[in-house]
Amino acid sequence: MKLNTIASALALTTSLSISSFAIAGQDQHSYANLEQVVTTHIHLDLDINFDEKSLEGFVEHSLSWQDKKSKQIVLDTRDLEIDKIMYKAQDGSWHKASYKLAKRDDVKGSKLTINLKRQADKIRVYYNSLPIASGLQWLTPEQTASKTQPFMYSQSQAIHARSWIPIQDTPAMRVTYSARIQTPEDIRAVMSADNSDVKIKDGDYRFNMPQAISPYLIAIGAGNLEYKEMSHQTAIYAEPTILDASIAEFSDTQAMIDKTNLMYGEYAWGRYDLLMLPPSFPFGGMENPRLSFITPTVVAGDKSLVSLIAHELAHSWSGNLVTNATWEDLWLNEGFTSYVENRIMEEVFGKDRAIMEQSLEVARLKEQLKTIDAPDTILNLKLNGRDPDDAFSSVPYIKGQLFLLYLEQKFGRDKFDVFVKEYFDSYAFKSLNTAEFVKYLNDNLISKYPGIVSAEKVNEWIYKTGLPADAPNPTSDVFKVVDSNLQAWLKGATNLNSLGTDKWTVHEWLHFINNLPRDIAIDKMKQLDSAFKLTQTTNAEIAFAWFMLAVGNGYQEIYPALDKHLTGIGRRKLIVPLYKTLVKHDKKEWANKVYLNARPGYHPLAQGTIDTLFK
Ligand code: BES
Ligand code: ZN
């Protein structure tokens, strides 16, 4: 063996042992020295400074030392300015601690190493965040719906909490937290916590989160927020201009909670409120405990996109209660949540709608599987040091959901429901990785009812690429009717009037558009558009599907509307594929022009994703 081959073989073994460390529960995305010390409670005392686009103040960590000899605490940070670090001595007095902030790693940020003279129960880090914080978005009044006050909010999943709090930023650990947040007087702040102190808008707010949560679930939002109750357990915080529309759209939230309680055990978090974010929010929703963050792009006026609420609510069991230990185990959060989401939709809106939604998602997954690198189609992801955002796809969501649906179909709903409920009970307020889950699954389902599903089958689902040949394939009878009408129209056997579109739901429209031939003739596009005004639709999902088709086959009429779509919203799922397809179809220049104009309104995460397309 040549020397350099030996060296690379050695490098390979080292990187292998690092990743097998990750499997043993160590998180490759965190510098925290959990084996020595863990934070049990965090107190935040922060000023929201809109002029500086900065959070300023301190965080106090209550510590539990795991190693009686250690005097070192390692925290995760990214782009933070550290002013000083204090520790509390036995006699209650505070003293300066020495620390070192390491050079910034592109993925993980800067390791903050704090050295104490002796073990202390509490430390305080005085710091401020920077305007470029990856986990915060700062909006000017003009960028909000009501145009009067600025707005800011956090998005901490997956590894962005460290850009606004120096913290052990790994889902393997949990903290309770409290906070005092100060804002300008006409601004209301809310957090993923008990929000009962924010009723009076006075610029000084206290929060308490008595249940232990992982750091990626610590969240804050502040702006011109009003508040309205929907039911005894639910309310909405939103800018006044969209409050009433949101209340009407999400009026089934309490019914969703009640149904889920019956299936999977009592909701553990007290209230379930929603925070409506500005259109630039890069996600559909984020399951921040007690207060899901929601994109306004799902306020369609007809409840057609409320499965998003079912999804974020479902995380109150899968994700917030039972949590993935590392980001390679994301499917434990998202696959279970997508499965539970669909069960909730079935309970509240019926089987037909639930299957249509499943079928649309599976079609999307199958499209994505054609373009994702094979290793990233494995449920138990291998991130190998990459940013978790870079491997984001439908795989953990929908392949995960299909795996659970497979088990449900094999064992029957009765047995499978008992299994899932007991799983949530057994791991409540705990984090686990995929290997631990596989063991639990084997002990409590696979070998409990032998001869139904083999261990090899489970391994294939979790550790192999692509979809197993016998994966469930949810088919909707409603969609079958759409399909045969669509074929008849394409062949010229019927006209548009006999498609039956006047009774179509948004889901039927989505299925119809997604199943039009990608090279459909322009005059057929024109016919559809003049009959159904698709270019002018106000439903963001329909607009997305229609624009994707139109860019691909060169239908020009959409461009003014597409410009408005891309500039008006920042939800990655609804814009990134459009930018990609524009670049692919010779519209790079046009897309770049739109992007330059739209970019300042996008969240740093969306900017990061789209920047790479135009480099
Ligand atoms: N927790 C996710 C969002 C997320 C995942 C942020 C991974 C960062 C890293 C949230 O619950 C989610 O899945 N949102 C989806 C909703 C959809 C599947 C209904 C979204 O934003 O599109
Ligand atoms: Zn989710």
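The values are calculated or read from the model by the stated rules, or taken from the named source; none is laboratory data. Since the structure is predicted, the reported quantities are computational estimates derived from the model, not experimental observations. Reconstructed Cβ throughout: ideal geometry from the backbone, glycine too, with neighbour counts over all protein chains shown. To get the accessible areas, we keep the full protein, side chains included, count just its heavy atoms, and leave off ligands, DNA and RNA. Shrake-Rupley method; radii C 1.70, N 1.55, O 1.52, S 1.80 Å.
Look through 543, 531, 521 and report the one residue that is free of Cβ contacts under 8 Å to residues at least 40 places away in the same chain and open to solvent by less than 30 Å² (accessible area, probe 1.4 Å).
543
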Exercise. What are the residue pairs meeting all of these: first residue in segment 368-392, first residue free of Cβ contacts under 8 Å to residues at least 60 places away in the same chain, second residue within 16 Å of ligand 2 (Cβ to nearest atom) and part of a loop (DSSP other than H, G, I, E, B), Cβ atoms under 7 Å, and 6 or more apart or on different chains?
Worked result: 368/393; 368/394; 372/393; 376/393; 391/381
Exercise. Are any of the residues in segment 82-95 in a loop (DSSP other than H, G, I, E, B) and open to solvent by 60 Å² or more (accessible area, probe 1.4 Å)?
Worked result: yes
For this session: Please state which of the following conditions residue 267 fails to meet, knowing it meets all the rest: (1) assigned to a loop (DSSP other than H, G, I, E, B); (2) over 21 Å from residue 432 (Cα atoms).
Result: (2)
Exercise. With 341, 347, 367 as the choices, which residue is near ligand 1 (Cβ under 10 Å from one of its atoms), farther than 30 Å from residue 109 by Cα and open to solvent by 10 Å² or more (accessible area, probe 1.4 Å)?
Worked result: 341
For this session: Mind listing whichever residues of segment 107-145 are more than 16 Å from residue 80 (Cβ to Cβ), of a type outside the set (A, V, I, L, M, F, W, C) and outside the structural domain of residue 93 (by TED's automatic domain parsing)?
Result: 137, 140, 141, 142, 143, 144
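Quick check on residue 314: is it among the hydrophobic types (A, V, I, L, M, F, W, C), surrounded by 24 or more Cβ atoms within 10 Å (Cβ to Cβ) and more than 16 Å from ligand 2 (Cβ to nearest atom)?
It is false that residue 314 is among the hydrophobic types (A, V, I, L, M, F, W, C), surrounded by 24 or more Cβ atoms within 10 Å (Cβ to Cβ) and more than 16 Å from ligand 2 (Cβ to nearest atom).
Look through 346, 357 and report the one residue that is outside the structural domain of residue 266 (by TED's automatic domain parsing), under 26 Å from residue 257 (Cβ atoms) and without any contact (Cβ under 8 Å) to a residue 40 or more places away in the chain.
Exactly one of 346, 357 is outside the structural domain of residue 266 (by TED's automatic domain parsing), under 26 Å from residue 257 (Cβ atoms) and without any contact (Cβ under 8 Å) to a residue 40 or more places away in the chain, namely 346.
This table checks each residue for (1) modelled with pLDDT of 95 or more; (2) among the small types (Gly, Ala, Ser); (3) within 19 Å of residue 421 (Cα to Cα); (4) within 13 Å of ligand 1 (Cβ to nearest atom).
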site	(1), (2), (3), (4)
271	yes, no, no, no
281	yes, no, no, yes
284	yes, yes, no, yes
293	yes, no, no, yes
336	yes, no, yes, yes
For this session: Being within 23 Å of residue 281 (Cα to Cα), buried (at least 20 other Cβ atoms within 10 Å of the Cβ) and touching a residue at least 24 places away in the same chain (Cβ under 8 Å) narrows it down to one of 172, 189, so name that one.
Result: 189
Seminar exercise, completed: Checked 412, 400 against criteria (in the same structural domain as residue 334 (by TED's automatic domain parsing) and within 16 Å of ligand 1 (Cβ to nearest atom)); the one match is 400
Problem set entry | Lone qualifier among 325, 300, 354 - being buried (at least 24 other Cβ atoms within 10 Å of the Cβ) and away from ligand 1 (no atom under 13 Å from the Cβ) | 325
Exercise. In segment 387-402, is there at least one residue being open to solvent by 80 Å² or more (accessible area, probe 1.4 Å) and on the phi < 0 side of the Ramachandran plot?
Worked result: yes
For this session: Evaluate the following for residue 145: is it within 16 Å of ligand 1 (Cβ to nearest atom), part of a loop (DSSP other than H, G, I, E, B) and crowded, with 16+ Cβ neighbours inside 10 Å?
Result: no
For this session: For segment 37-53, name all the residues that are among the hydroxyl-bearing types (Ser, Thr, Tyr) and crowded, with 21+ Cβ neighbours inside 10 Å.
Result: 39
Exercise. For segment 486-508, does any single residue satisfy the condition of being under 29 Å from residue 407 (Cα atoms) and either at pLDDT 95 or above or not assigned by TED's automatic domain parsing to the domain that holds residue 363 (or both)?
Worked result: yes
Exercise. Just one of 292, 246, 231, 280 is without any contact (Cβ under 8 Å) to a residue 40 or more places away in the chain, within 28 Å of residue 158 (Cβ to Cβ) and either open to solvent by less than 20 Å² (accessible area, probe 1.4 Å) or more than 15 Å from ligand 2 (Cβ to nearest atom) (or both); which is it?
Worked result: 292
Exercise. So which residues in segment 163-194 are assigned to a loop (DSSP other than H, G, I, E, B) and under 22 Å from the mean Cα position of the chain (by Cα)?
Worked result: 164, 165, 166, 168, 169, 170, 171, 172, 173, 174, 192, 193
For this session: Might you let me know whether segment 19-36 holds any residue that is surrounded by 14 or more Cβ atoms within 10 Å (Cβ to Cβ) and assigned to a strand (DSSP E or B)?
Result: no
For this session: Only residues that are β-branched (Val, Ile, Thr), touching a Ser or Thr at 6+ places or on another chain (Cβ under 9 Å) and open to solvent by 10 Å² or more (accessible area, probe 1.4 Å): list them for segment 175-186, please.
Result: 176
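When you look at residue 132, is it open to solvent by 10 Å² or more (accessible area, probe 1.4 Å) and either part of a loop (DSSP other than H, G, I, E, B) or farther than 24 Å from residue 390 by Cβ (or both), yes or no?
Criteria met by residue 132.
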Problem set entry | Those helices (runs of 4 or more DSSP H) lying entirely in segment 552-602 with at least 3 residues within 16 Å of ligand 1 (Cβ to nearest atom) and surrounded by fewer than 21 Cβ atoms within 10 Å (Cβ to Cβ) | 572-584
Problem set entry | Matching residues, segment 148-165, being touching a Ser or Thr at 6+ places or on another chain (Cβ under 8 Å) and open to solvent by 20 Å² or more (accessible area, probe 1.4 Å) | 150
